[in-house]
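Read-outs throughout are calculated quantities, based only on the coordinates presented, and are distinct from any laboratory measurement. Quantities reported herein were computed from a predicted structural model and do not represent experimental measurements. Here the Cβ is made from the backbone with ideal geometry for all residues, glycine too, and neighbour counts use every protein chain on show.
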Amino acid sequence: MSFSILVFDESKVAAMRLIDEIEDIVKNINYDITFYIYKPNDVFTKETIEKGKLIFFTIENMYDLEAARKFAIFHNDSTLIIVSNTEEFGTWSWELGADYYLVKPIERKELLKAIVKSSSIERKRLAGM
């Protein structure tokens, strides 16, 4: 089985760090995962953004929040996980219909919970981790 994970973050280094953590968590399951990295403002400037089953969207300011809002409107069939440096955007994330909210630095246990909660990866496959 294969699916895509989209990571929206202003910092490519931070996005790669998150991808490394996700890969480490899902390495024992038999999925072909393709990662795509975007900056939040790409929602406004790119004509095409891949469809993803699991979306990690970093929000650091109101502009990022608007980008996430626009993205959520057109990709409401995806699992949306909001990531932030602060708890300040927690309430907004629920209004966006986010499935999970993570605060940096992300604890492995919380990342695992977010992935398990998503419908993109079968819970029973991750249960032994």
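Looking across region 1-42, the residues that are under 24 Å from Asp77 (Cα atoms), of a type in the set (A, V, I, L, M, F, W, C) and not in a strand (DSSP E or B) come down to Met1, Ala15, Leu18, Ile19, Ile22, Ile25, Val26, Ile29.
For the subset of region 1-14 comprising residues that are in contact with a Phe, Trp or Tyr (Cβ under 8 Å, 6 or more places away or on another chain) and under 25 Å from Arg69 (Cβ atoms), which member is surrounded by the fewest Cβ atoms within 10 Å (Cβ to Cβ)? Here the residue is Phe3. Inspection of region 52-69 finds a residue satisfying the criterion of being in contact (Cβ under 8 Å) with a residue 60 or more places away in the chain, surrounded by 20 or more Cβ atoms within 10 Å (Cβ to Cβ), under 13 Å from the mean Cα position of the chain (by Cα) and assigned to a strand (DSSP E or B). Just so you know, in region 79-107 the residues that are among the hydroxyl-bearing types (Ser, Thr, Tyr), touching a residue at least 12 places away in the same chain (Cβ under 8 Å) and surrounded by fewer than 23 Cβ atoms within 10 Å (Cβ to Cβ) include one that is farthest from Val7 (Cα to Cα), and it is Thr86.
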